[in-house]
Structure formats: C-alpha cells, structure tokens
1. Select from the stretch 1-19 the residues that are in a helix (DSSP H, G or I) and surrounded by 10 or more Cβ atoms within 10 Å (Cβ to Cβ) and list them in ascending order.
2. Looking for something on the phi > 0 side of the Ramachandran plot and exposed (fewer than 10 other Cβ atoms within 10 Å of the Cβ) - is there at least one such residue anywhere in the stretch 29-50?
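Laboratory data are not the source of any read-out in this text; all were calculated from the coordinates shown. What you see is a predicted model; the values in this text were computed from it and never measured. FYI the Cβ positions are ideal-geometry reconstructions off the backbone, even for glycines, and counts take in every protein chain you see.
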Amino acid sequence: MLQNIGIPGLILLLVLALIIFGPSKLPEIGRAFGTTLKEFKKATRELVSGDDNQPKTEEKTTLHSIDQTNKKTGS
C-alpha cells in the first residue's frame, strides 16, 4: 500500500499533517510514533528470540531424560 508513495506524496502527507495538527503538536506525534515503533521492534525481537530458546531447552530436557534412563537400565 505504501510502496508507491514517492517524494511528492510524502511532501503532501507532511503538509496535511502540518495543517491538521499544527506545528506545536508535530514533534509530540513524531516522538510518540518513534517510541511506539521502538517498543514494537523490541517486543518482536523478544518473541523471536523466545521461540529460538524454547526448543533448545526442550531438547536438553529430552536428552537429560534419555541419559537418566540409560543410567537406570545400565545401557
């Protein structure tokens, strides 16, 4: 959807935002947008890294269980 916005379209959006919100509100809106984007990236990174860590833990637990079983049976 936003792939086809060029420089003229971006300038038009900025002018409309300036008219609608005024020059005093634009820095606040920009800061809020930046903070939201930063938190979203952080949460996404945590979810992705959390998924990577989970199978490793399960694999270690399974290997530990197999090791314990082998010790009990003497194999």
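1. GLY9, LEU10, ILE11, LEU12, LEU13, LEU14, VAL15, LEU16, ALA17, LEU18
2. no
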